[in-house]
């Protein structure tokens, strides 16, 4: 089935659902499984390598930590930069086509990484993985909406976001488990999952695209967005290594600012900008994008910092450190599975605000209790439970903000929200390294936890900004003609 999206309002934005929209696709839960696998793989690989940095360095002749850090940075930079352009192209040329191509690229990159004979090849393979992840994540959310009836949109977006969140938190535990065998297993595990996802997606997924005749995204704004995000993420990831006052870092931050201004300006002047300002007419969507930036900067401090603390301060093994963090994703699963019920009982804003503040509470608990002497169950474990609650409560309602947009902008909206998440993660890792790299101890990690507290509060403030219901003007003027309504064709 091929579906051409029009300008029909999304869940809860008015309009009467058709009988087909009320039923949804009869294979929708299998479709959900495929799309969840895509989100899981892409987010897992952002954090799964963290606990294997030392092993990778030893494998390549004792490569320095700064050199091995490019295994992390290459993925972060390319993934964040390509999310929005890939999302727009998916809307134009077909979400299913873009998603499957992305999974193929990601799987090939994983194969190359698992057999990499040198560190430069591994870094290049990570960049290939990131290209595939950026191609597949935005359309994975965009394909959920036409597959499920409107009454289930909150539930399935919550599950999708929960799976992605659990994947991020499961990165260190799985990385520790696989890395204790050999770091190459971290990438080999993607091959069977990727193959099954390709086969299942080719069989199950519908094709969804915008109506014919829509213009390609503006070249200038596309290039300037790529340059702005790349420069920002590169500056934040390399700033601790180069020095925040070094000319390279300052030039990159300045370039990011200049290109960001160009992108915003083109948004108001170009005929088809890469990011349309109308997306941010929805206060719900704007608040979610800001909150995700702060939330995932804090989560990066927790995920990367937790693994580093357990290994470098408490001297846990790679496996022990990975398993030590496992409580957080386990708790998060339960809340993610209950996202629809929580939304119906408490709405969207309250769970998101409580979730972001719970991240601050976890960091505050560690700040008050953790010392250089290992005491996992009484000091570290309660905070991990709170982090699981935070991830499970906050992510589903924040990513559900893409549902405030018309269907023809759902994929681009998803890409913007994911870009906020990835940029926030990169910033969080950079800030953590800058704080604790020189002398890791409970005291220096305490400074990182203070920052995590502040980020949680800032995310909560973003969520609690005045929530005024707004309707985004559709990309095309809506008419009463049948030609303007969504249509399906075999």
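FYI, it's all coordinate maths here, none of it is from the lab. Here the structure is a predicted model, which is why all the values come from computation and not from measurement. No Cβ is skipped: glycine too gets one built from the backbone with ideal geometry, and neighbour counts run over all protein chains shown.
Residue separation of residue 248 and residue 188 scaled by 0.36 nm, minus their Cα-Cα distance, works out to 18.0 nm of gained length. Given their separation in residues at 0.36 nm each and the Cα-Cα distance between them, residue 281 and residue 439 gain 52.3 nm when the chain is fully extended. Compute the Cα gyration tensor for the range 163-318, then decide on rounded, prolate or oblate, letting a ≥ b ≥ c be the square roots of its eigenvalues: rounded whenever a/c is under 1.5, prolate when a/b is larger than b/c in the other cases, and oblate in all that remain. Here the range 163-318 falls in the oblate category. Computed per residue of the chain from DSSP H runs no shorter than four, each worth -39500 (n - 2.57), the mean residue ellipticity at 222 nm is -24000 deg cm²/dmol.
From the alpha carbon centroid of the range 297-357 to that of the range 59-84 is 23 Å. Given R0 = 41 Å, the distance between the Cβ atoms of residue 269 and residue 203 translates into a calculated FRET efficiency of 0.40.
Between the Cα long axis of helix 247-269 and the first principal axis of the chain there is an angle of about 10°, rounded to the nearest 10.
The residues 32, 41, when put in order of fewest to most other Cβ atoms within 10 Å, stand as 32, 41. Seen against the Cα atoms of the chain and their longest principal axis, helix 28-47 is set at about 40 degrees. Shape class for the range 56-113: oblate, because the ratio a/c of the largest to smallest gyration tensor axis (alpha-carbon atoms, square roots of eigenvalues) is 1.5 or more and b/c is at least a/b. Please work out the FRET efficiency for the pair residue 317 and residue 457, using the Cβ-Cβ distance as r and a Förster radius of 41 Å; give the result to the nearest 0.05. So the FRET efficiency works out to roughly 0.75.
Please compute the modelled spin-label separation between residue 121 and residue 373, points set 7 Å along Cα→Cβ, answer in nm with one decimal. That separation, rounded to one decimal, is 5.0 nm.
Judged by the ratio a/c of the largest to the smallest principal axis of the C-alpha gyration tensor, the chain counts as prolate, that ratio being 1.5 or greater while a/b is larger than b/c.
Between the helical axis of 410-436 and the longest alpha-carbon principal axis of the chain there is an angle of about 10 degrees. For a paramagnetic label modelled on residue 64 (point 7 Å from Cα along Cα→Cβ), amide N atoms under 17 Å away belong, within the range 106-132, to 119-120.
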